[in-house]
Amino acid sequence: MAVVPPPASRPGSSRKAQYGLFFGLIATIAGVLVGLVLLGLSLVAPQRYAALRGAALDLTAPISGSLRAVTTTIDGVANGTADYWDAARQNGELKRVNALLAQRIIQARAVQLENAQLKATLQLRERSTEPVATGRVVSSSFESVRRFAVLSVGSGDGVAIGMPVRAATGLIGRIVETGRFASRILLITDRANIVPAKLLRGGLPVLATGRGDGSLDVRPLEVGRNPFKVGDLLVTSGTGGLYPPLIPVARIVRLDDDGAVAVPLADPADASFAIVERPFEPLAEQAPAPPPPPPSPPKKLPTKAPA
Amino acid sequence: MVRSALQQRAGTINRGPRRAALYLPAASVVAGSALALLPIIADAGWAPDLGLLTLIAWRLLRADAWPAWWAAPLGLANDLLVGSPLGQSVALWSFVMLSLDLADRRTLWRDYWIEWLLAAMLLLASEAFEWRVAAWGGASVPGNAILPPLIISIIAFPLVAGIVGALDRWRLGR
């Protein structure tokens, strides 16, 4: 137990020291106020400090990127060793899966051919789904309740705010900040990210909202009986014009009273590459990150037919 | 105690403070903020705010580690490194310095447990503030989501305080 010495508040008779302390106090109070004003401005108009934050991203993302390369290598070596260890059993299993997939491919080709013929008769135009850029997820906001991640491509590669980001296995999120060489993604698991989706089984429109803990809250747009089953898959519906339709989103793992909890199919930690695509409809590209329709009015949204 | 103080320790003669000892505390806070750049891709935000923890640990160790108003630029650096809304840490960290100045005036004596309690209260206030800011930013996370990072921060505080104490001894050449 130590007695706290008093000098911090009473610096003796020196005027200079007294003034110094006083101005220090005023400056700290000013710091609180300036911080609150800055915070208010950055909440009301998030694009105001875009240049500053973009520059900070450009400075810091290469550090995360190089560290990420190191961890990926270590991970790869560990996994690779494990694969050699287990090679014989894996080989047998892969042969079996390969034979199965060969059959499936033939079936899929037939369906594809049929689909092309049907589309030709309907004269549907294929939308080009050429990716804008491909990058790596290098870090995430593991200190915050918000779910953001940093991607290793930026406006120099053509990435712009509002563009959807996906991995091979499913949707990851959308771009909310860009630097020249890096950008920040709002993950679909963030509370502020609402993905218009539909059930792959039956095509029922639903809204998937992040829960902030790596899972999603899924609600049907129509009130009524809980339509979900554990194991159901969700894909994007294309409603709202931001996310292109038919990107896998999540799998239902648990039901609750009027909805369900789902886990994203794409894990940004595992995805080797993240693909930045154009917003589904050009209109969505002009408005910065258009918010999808709020879930409160339980009426059916006009769903667009997926291309 | 007296005996050990009288004892001549090896290698302490002619050893004063290190160069840049004045700036080392602030630099260590920025380094703590920069730990957010580690390539950890987490599903949930479970980790403590390491910059803030370092700041509180230094301030509880020494009232004069840096002038109190440095908290504002340090907070700005933290916001840019961590990616939180600009101004959040500027306001919060300045507030931490003010409230610890106030605590210095009000407490007559200090021990380890009181410092831990003070740190825990400040960490609770900071997590609650960040939770509010997230809600204003459109992400109204349920309140119990801040419990895991809060508990981890409070448990991590003695560790950070220990590191900061070692850094302090090193920078002063003791």
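The values are calculated or read from the model by the stated rules, or taken from the named source; none is laboratory data. Keep in mind the model is a prediction, meaning the values are calculated, not measured. No Cβ is skipped: glycine too gets one built from the backbone with ideal geometry, and neighbour counts run over all protein chains shown.
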Check: Restricted to segment B:93-113, and to residues that are more than 7 Å from chain A (Cβ to nearest Cβ) and among the aromatic types (Phe, Trp, Tyr), which residue is surrounded by the fewest Cβ atoms within 10 Å (Cβ to Cβ)?
Finding: B:Trp113
Notebook entry, point to check: Quick one: in segment A:44-56, which of the residues that are of a type in the set (A, V, I, L, M, F, W, C) and more than 8 Å from every other protein chain (Cβ to nearest Cβ) is nearest to the chain's Cα centre (by Cα)?
Noted result: A:Ala50
Next item on the list: Could you run through segment B:34-92 and say how many residues are within 7 Å of chain A (Cβ to nearest Cβ), more than 12 Å from the chain's Cα centre (by Cα) and among the charged types (D, E, K, R)?
Entry: 1
Margin query: Report every pair of residues separated by at least 6 positions or lying on different chains whose Cβ atoms are under 6 Å apart, first residue within segment A:206-221 and free of Cβ contacts under 8 Å to residues at least 60 places away in the same chain and within 11 Å of another protein chain (Cβ to nearest Cβ), second outside any loop (DSSP other than H, G, I, E, B) and not polar (S, T, N, Q).
Written below: A:Arg211/A:Asp217; A:Ser215/A:Val261; A:Ser215/A:Val263
Note to self: Take the residues in segment A:226-238 that are within 15 Å of A:Leu171 (Cα to Cα) and polar (S, T, N, Q); name whichever of them is modelled with the highest pLDDT.
What the structure shows: A:Thr236
Checklist line | Test: residue in segment A:62-70 that is surrounded by 11 or more Cβ atoms within 10 Å (Cβ to Cβ) and either away from chain B (no Cβ under 11 Å) or closer than 30 Å to A:Gly240 by Cα (or both) | finding: no
Next item on the list: Please work out if B:Asp64 is more than 21 Å from A:Gln47 (Cα to Cα), among the acidic types (Asp, Glu), assigned to a helix (DSSP H, G or I) and at pLDDT below 90.
Entry: no
Checklist line | Tally, over segment B:101-124, of residues that are in a helix (DSSP H, G or I), without any contact (Cβ under 8 Å) to a residue 40 or more places away in the chain and touching a helix residue (DSSP H, G or I) at 6+ places or on another chain (Cβ under 8 Å) | finding: 5
Check: Within segment B:139-174, restricting attention to residues that are without any contact (Cβ under 8 Å) to a residue 12 or more places away in the chain, farther than 25 Å from B:Ala31 by Cβ and surrounded by fewer than 16 Cβ atoms within 10 Å (Cβ to Cβ), which residue is nearest to the chain's Cα centre (by Cα)?
Finding: B:Leu147
Note to self: Quick test of your reading of the structure: A:Ala149 fulfils all but one of (1) modelled with pLDDT under 90; (2) within 14 Å of another protein chain (Cβ to nearest Cβ). Name the failing condition by number.
What the structure shows: (1)
